[in-house]
């Protein structure tokens, strides 16, 4: 059992080392941002919303402030049965800016995938871009995300997620390191190496024709983004990654909120593994290395229970009655050596991302990442337990969970405050300012 666990985790560790050292070489494909300004298709931006009055003004004002041609821009805030002031905020912006066309849902299944299915029927753009309601895109992000679509093989594009509330709690600081490693190191390295980037469902876009070709969004999936990534891949479309297309998000500050968010990701991601792995292995147009990378990506959450099993097996090794027949010291040294090799892999990715981002002060948090590691391992194992229990007994499982929002200023208002939608284009200046201060170290 120990040997099996070490082989599985060792393979993942080798993969992380490969990605980390590859990113340090700073090699990358042709920069798609060179095309910004030349390719300007008609774009539809979707913003799924449910009780988002704390953050709705910020993202809507940011889109008003963007440098995309308003004649080619359509923004559809999808208000999914909100019971707070979300509808009033959306309608206020729509009354002032004709390219904002809200869609208010009053029935149907809940959750982001179901909302996107209905809203897509109203869209007129060649490219669909998505932002979660708590995100704030920079002025040039829309152009950056649309530029790669000049390549007819690109079906989807993913930008980079950057937390803006990294100083609000220890957890948010640790998650900023996790996000940096996930995007600056892993996503960019995988794209550089020719693997398909993972579409994250926000700060990204999909070609309308490609979405239709794969049958649209999967409303049954809790992670419609991962589902779409592999549906596109199996139909010959590639996903691009644009590291410079940064968008600012609010990461969880509370461990309970983080646990519920992670549970949804684990459930949806693992469901995609079961749905797609046979087709991925049989895909004739994918190389062997592409297949291995795809399976590793989909199965990544399964490493958590493997780690726990390895811990338990290691402890039992020293307490079984036959221990005198086992060379305990060599085995212990082997396990310790493996742990040193394996555990440093993820720290390498964090270190590479911190180096490239120039956020050296934040690197002091890296030793505390062990807290996030243990919390993640427990949450993932519990989510997998519920997933396979529900799968075995045929029960419905967990439903959609919207992450709790905490974006408030010192006066208890959102950054946009009570300003009217037509106010001078500075309503999110405080958010940008706070983000830049936090990221600069």
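Here are the numbers:
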read-out: Residues that are over 20 Å from residue 284 (Cβ atoms) and out of contact with any helix residue (DSSP H, G or I) (no Cβ under 6 Å at 6 or more places or on another chain), drawn from the range 212-243; value: 212, 215, 216, 220, 225, 228
read-out: Test for residue 179: is it on the phi < 0 side of the Ramachandran plot, touching a strand residue (DSSP E or B) at 6+ places or on another chain (Cβ under 8 Å) and surrounded by fewer than 21 Cβ atoms within 10 Å (Cβ to Cβ); value: yes
read-out: Test: residue in the range 236-255 that is without any contact (Cβ under 8 Å) to a residue 24 or more places away in the chain and surrounded by fewer than 17 Cβ atoms within 10 Å (Cβ to Cβ); value: no
read-out: Test: residue 159 is crowded, with 20+ Cβ neighbours inside 10 Å, over 27 Å from residue 366 (Cβ atoms) and touching a residue at least 60 places away in the same chain (Cβ under 8 Å); value: no
read-out: From 410, 395, residue being exposed (fewer than 13 other Cβ atoms within 10 Å of the Cβ), in a loop (DSSP other than H, G, I, E, B) and modelled with pLDDT of 60 or more; value: 395
read-out: Selection status of residue 327, over 16 Å from the mean Cα position of the chain (by Cα), surrounded by fewer than 16 Cβ atoms within 10 Å (Cβ to Cβ) and at pLDDT 90 or above; value: no
read-out: Enumerated helices (runs of 4 or more DSSP H) restricted to the range 45-135, each holding at least 3 residues that are under 30 Å from residue 240 (Cα atoms); value: 56-64, 112-120
read-out: Every residue from the range 141-200 that is assigned to a loop (DSSP other than H, G, I, E, B) and farther than 26 Å from residue 14 by Cβ; value: 151, 152, 153, 164, 165, 166, 167, 168, 169
read-out: Unmet criterion (only one of (1) within 21 Å of residue 205 (Cα to Cα); (2) out of contact with any helix residue (DSSP H, G or I) (no Cβ under 6 Å at 6 or more places or on another chain)) for residue 49; value: (2)
read-out: Residue count for the range 284-304, restricted to those that are surrounded by fewer than 16 Cβ atoms within 10 Å (Cβ to Cβ) and over 16 Å from residue 226 (Cβ atoms); value: 6
read-out: Condition broken by residue 349, with the remaining ones in (1) more than 16 Å from residue 185 (Cα to Cα); (2) surrounded by 14 or more Cβ atoms within 10 Å (Cβ to Cβ); (3) at pLDDT 80 or above satisfied; value: (1)
read-out: Boolean, residue 261 is within 30 Å of residue 66 (Cβ to Cβ), assigned to a helix (DSSP H, G or I) and modelled with pLDDT under 95; value: yes
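The values are calculated or read from the model by the stated rules, or taken from the named source; none is laboratory data. Keep in mind it's a predicted model, so treat the numbers as computed, not measured. All Cβ positions, even for glycine, are placed from backbone atoms using ideal geometry, and neighbour counts span all protein chains on display.
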